[in-house]
Amino acid sequence: MFNYHTKVLKASKESVKLAGELIRNGEIVGIPTETVYGLGGNALDPASSKKIYEAKGRPSDNPLIVHITDFSQVDELVSEVPDLAKKCAEIFCPGPLTMIMPKNDKIPYETSGGLDTVGIRIPSDKTARAIIQAAGVPVAAPSANLSGSPSPTEAIHVYNDMNGRIPLIIDGEHSAVGVESTVISFEKNGIRILRPGFISPEDLTEVTQNVIVDDGVIHMIDNNTKVSSPGMKYRHYSPKADVIIIDGSLENYNKFICEKADVDDWCMVFDGDVISVPNKVIYYGKNSTDQAVNLFSVLRQLDELGVKRAYARCPEKTGVGLAVYNRLLRAAAFQVIKV
Ligand code: TXA
Ligand code: MG
């Protein structure tokens, strides 16, 4: 069904121009952004959005985020801009923030996953911005992984998942943030966080004191519950390895591994953690910001190493740590052991 010869080109004036032309002509392209790599297509073209869903193997009720380069362009895509969205844009855009607003007729339902709303993001990454400008259209882009696998933070990750499925990937080096954007919606006088990211709940209190973290961020949603964001329903970011989060002090983590782990289980710990265990160890960063950058690469490495089970030290649950915790929880299918 897919028979592209997938090219990977370093970001340059020429490759950016080519990416823009392909997107304008209805193709989809792997593009770098500051959060994770995206699969970009013309957001106004229903056929392009269908291609994105096919390439990812993604359920078509999970909406795509629409990327633009300046907040002023939002008026062409939505029917109403909440005052809080304007304030957020002043402080956080361009940057790793997606704002959900009521869509207008220009956004096809194929792009919005059948919803009457659309998520708008204004990326800060230079190459992402240049590609959107070269395309001359708003760019719909989900993360460029196969549905269910960890998001790509390097061009090689995109290639491994998308080889043969898309014509072009632009290599813009490692994503600076490493986890996907913070997704928010607006309520009467408040902001609801549907997916945590680099812009934290604490950061958003600069706009309003009324910041709610949706229940789905750290709790498992059962199939019958109505969710605020379709992405919450799907098992995400899953490596093949069985990941289990161990929530407690380093000392108790060490004790748990010594007493409960099999010899071929792996330890996934913070840089600088000193543990005395016979198991193999992989490090995923010294602090939350660093862990956000590394998490998805480390999850992919576990698979490359053929790891069957990994016990991960629990990240912080505040600031950027909340985003790391949210992604790791999904990778772990919500398996957490308190020690
Ligand atoms: O950082 C990012 O946001 C990356 C880069 C490429 O920009 N994109 C990304 O897209 O992560 P995706 O499709 O992998 O994740 C988008 C999430 C999904 O969980 C989706 O359900 C939610 O945002 N979402 C998008 N539009 C929505 C809407 N209108 N209402 C509720 N949730 C929405
Ligand atoms: Mg995704």
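The values are calculated or read from the model by the stated rules, or taken from the named source; none is laboratory data. Being a predicted model, the structure only gives us computed values, none of them experimental. So basically every Cβ, Gly included, is an ideal-geometry build from the backbone, and we count neighbours across all protein chains shown.
Condition test on Val277, is it farther than 26 Å from Pro150 by Cα and without any contact (Cβ under 8 Å) to a residue 24 or more places away in the chain?
Yes, satisfied.
If Val227 satisfies every condition in (1) over 24 Å from Ala128 (Cα atoms); (2) assigned by TED's automatic domain parsing to the domain that holds Glu34; (3) aliphatic (A, V, I, L, M) but one, which is the exception?
Result: Val227 passes all but (2).
Where residues in segment 17-42 are buried (at least 24 other Cβ atoms within 10 Å of the Cβ) and away from ligand 2 (no atom under 16 Å from the Cβ), which of them is farthest from Ser147 (Cα to Cα)? Before the answer, list the steps.
Going residue by residue through segment 17-42, those that are buried (at least 24 other Cβ atoms within 10 Å of the Cβ) are 19, 23, 28-33, 35-42.
The next check asks that each one be away from ligand 2 (no atom under 16 Å from the Cβ); those that pass are 19, 23, 29, 42.
Numbers: Ala19: 23, Ile23: 21, Val29: 16, Asn42: 20 Å.
The residue in question is Ala19.
Given Tyr53, Tyr37, Tyr109, which one is within 19 Å of Ile170 (Cα to Cα) and among the aromatic types (Phe, Trp, Tyr)?
Answer to the check: Tyr37.
Would you be able to tell me the number of residues in segment 287-339 that are on the phi > 0 side of the Ramachandran plot and crowded, with 21+ Cβ neighbours inside 10 Å?
Qualifying residue count for the region: 0.
Among (1) out of contact with any strand residue (DSSP E or B) (no Cβ under 8 Å at 6 or more places or on another chain); (2) surrounded by fewer than 21 Cβ atoms within 10 Å (Cβ to Cβ); (3) not hydrophobic (A, V, I, L, M, F, W, C), which single condition is Glu80 missing?
So the condition that Glu80 fails would be (1).
For segment 43-68, what are the residues that are closer than 15 Å to Pro123 by Cα and surrounded by fewer than 18 Cβ atoms within 10 Å (Cβ to Cβ)?
None - no residue of segment 43-68 is closer than 15 Å to Pro123 by Cα and surrounded by fewer than 18 Cβ atoms within 10 Å (Cβ to Cβ), so the list stays empty.
Which numbered condition in (1) assigned to a loop (DSSP other than H, G, I, E, B); (2) under 23 Å from Ser181 (Cβ atoms); (3) aliphatic (A, V, I, L, M) is the only one that Leu299 fails?
Single failed check for Leu299: (1).
Looking only at segment 133-150, how many residues end up being within 11 Å of ligand 1 (Cβ to nearest atom) and modelled with pLDDT of 95 or more?
Going through segment 133-150 one residue at a time, the tally reaches 7.
Hey, among the residues in segment 228-264 that are modelled with pLDDT under 85 and part of a helix (DSSP H, G or I), which one's surrounded by the fewest Cβ atoms within 10 Å (Cβ to Cβ)?
Out of the qualifying residues, it is Pro230.
Among the residues of segment 68-80 satisfying the criterion of being assigned to a helix (DSSP H, G or I) and touching a residue at least 24 places away in the same chain (Cβ under 8 Å), which is farthest from Glu34 (Cα to Cα)? Steps first, answer last, please.
Residues of segment 68-80 assigned to a helix (DSSP H, G or I): 71-76.
Keeping just the survivors that are touching a residue at least 24 places away in the same chain (Cβ under 8 Å) gives 71, 73-74, 76.
Working: Phe71: 17, Gln73: 20, Val74: 20, Glu76: 24 Å.
Restricting to residues being assigned to a helix (DSSP H, G or I) and touching a residue at least 24 places away in the same chain (Cβ under 8 Å), the top hit is Glu76.
Yes or no: Tyr311 assigned to a helix (DSSP H, G or I) and in contact with a strand residue (DSSP E or B) (Cβ under 6 Å, 6 or more places away or on another chain)?
no
The rows are residues; the columns are (1) more than 17 Å from Arg129 (Cβ to Cβ); (2) within 13 Å of ligand 1 (Cβ to nearest atom); (3) under 14 Å from the mean Cα position of the chain (by Cα); (4) part of a loop (DSSP other than H, G, I, E, B).
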site	(1), (2), (3), (4)
Glu34	no, yes, yes, yes
Leu44	yes, no, no, yes
Ala47	yes, no, no, no
Lys50	yes, no, no, no
Ala55	yes, yes, no, no
Pro59	yes, yes, no, yes
Pro63	yes, yes, yes, yes
Val66	no, yes, yes, no
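Specify which of the listed residues (Val81, Val29, Val16) is within 14 Å of ligand 1 (Cβ to nearest atom) and in the same structural domain as Ala144 (by TED's automatic domain parsing).
Every option except Val29 fails the conditions.
Check whether at least one residue in segment 74-91 is in contact with a helix residue (DSSP H, G or I) (Cβ under 8 Å, 6 or more places away or on another chain) and within 16 Å of ligand 2 (Cβ to nearest atom), and report yes or no.
No, every residue in segment 74-91 fails to be in contact with a helix residue (DSSP H, G or I) (Cβ under 8 Å, 6 or more places away or on another chain) and within 16 Å of ligand 2 (Cβ to nearest atom).
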